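Data first, discussion second: the structure below is written as structure tokens.
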Amino acid sequence: MAATTPQYVYPDQDEIRIEAVLAALADPVRLDMVRQLAASGTEISCSGFDVAVTKSTLTHHLRTLREAGIIMGRQQGTARYNSLRRNDLDELFPGLLQGVLAARR
């Protein structure tokens, strides 16, 4: 069953599928967002991503990454924070995230 936090739904670790992960990472904006999360080593608020898209498009990309199991989100007051599910991804798909992050841009 999918885990939930207020307004966020993301798959449990055993529900994450490689097809969904690869499809989500295939988009250059989402890949850049994942790179930003990995580089930060911490959470990034929705407004903290450095991407040239509208707010509604950013929301779409965040939802796609959450539903694929790549990130998780939490609400704190009026801010929404996103974190990379690196441990889950590394356990399920060893080397995948490391390879994707190391790939040339």
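The values are calculated or read from the model by the stated rules, or taken from the named source; none is laboratory data. Quick caveat, the model's predicted, so the values are computed rather than measured. Every residue, glycine as well, gets a Cβ built from its backbone with ideal geometry; the counts of neighbours run over all protein chains shown. In case anyone asks, the SASA skips ligands and DNA or RNA and just uses the protein heavy atoms, side chains included. Shrake-Rupley method; radii C 1.70, N 1.55, O 1.52, S 1.80 Å.
For Leu89, indicate whether it is touching a Phe, Trp or Tyr at 6+ places or on another chain (Cβ under 7 Å), at negative phi and assigned to a helix (DSSP H, G or I). Reasoning before the result, please.
On the way: touching a Phe, Trp or Tyr at 6+ places or on another chain (Cβ under 7 Å): no; at negative phi: yes; assigned to a helix (DSSP H, G or I): yes.
So Leu89 does not fit the description; no.
Listed here are the residues, each with its yes/no results for (1) in contact with a helix residue (DSSP H, G or I) (Cβ under 8 Å, 6 or more places away or on another chain); (2) modelled with pLDDT of 95 or more; (3) among the small types (Gly, Ala, Ser).
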site	(1), (2), (3)
Tyr8	yes, no, no
Ala20	yes, yes, yes
Val29	yes, yes, no
Gln36	no, yes, no
Glu67	yes, yes, no
Gln75	no, no, no
Asp90	yes, yes, no
Gly95	no, yes, yes
Arg105	no, no, no
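Restricting attention to the stretch 64-86, which residues are of a type in the set (Gly, Ala, Ser), assigned to a loop (DSSP other than H, G, I, E, B) and more than 17 Å from Arg17 (Cα to Cα)? Working first, answer last.
The first filter runs over the stretch 64-86 and keeps only residues of a type in the set (Gly, Ala, Ser), leaving 68-69, 73, 77, 79, 83.
Next, only the ones that are assigned to a loop (DSSP other than H, G, I, E, B) stay: 69, 77.
Gly77, the sole residue that qualifies.
For the condition without any contact (Cβ under 8 Å) to a residue 12 or more places away in the chain and among the aliphatic types (A, V, I, L, M), what is the one hit in Ala52, Ala68? Before the answer, list the steps.
Details: Ala68 fails: without any contact (Cβ under 8 Å) to a residue 12 or more places away in the chain.
Just a single option satisfies the conditions, and that option is Ala52.
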- Any hit, the stretch 73-88, residues being in contact with a Lys or Arg (Cβ under 8 Å, 6 or more places away or on another chain), hydroxyl-bearing (Ser, Thr, Tyr) and open to solvent by 40 Å² or more (accessible area, probe 1.4 Å): yes
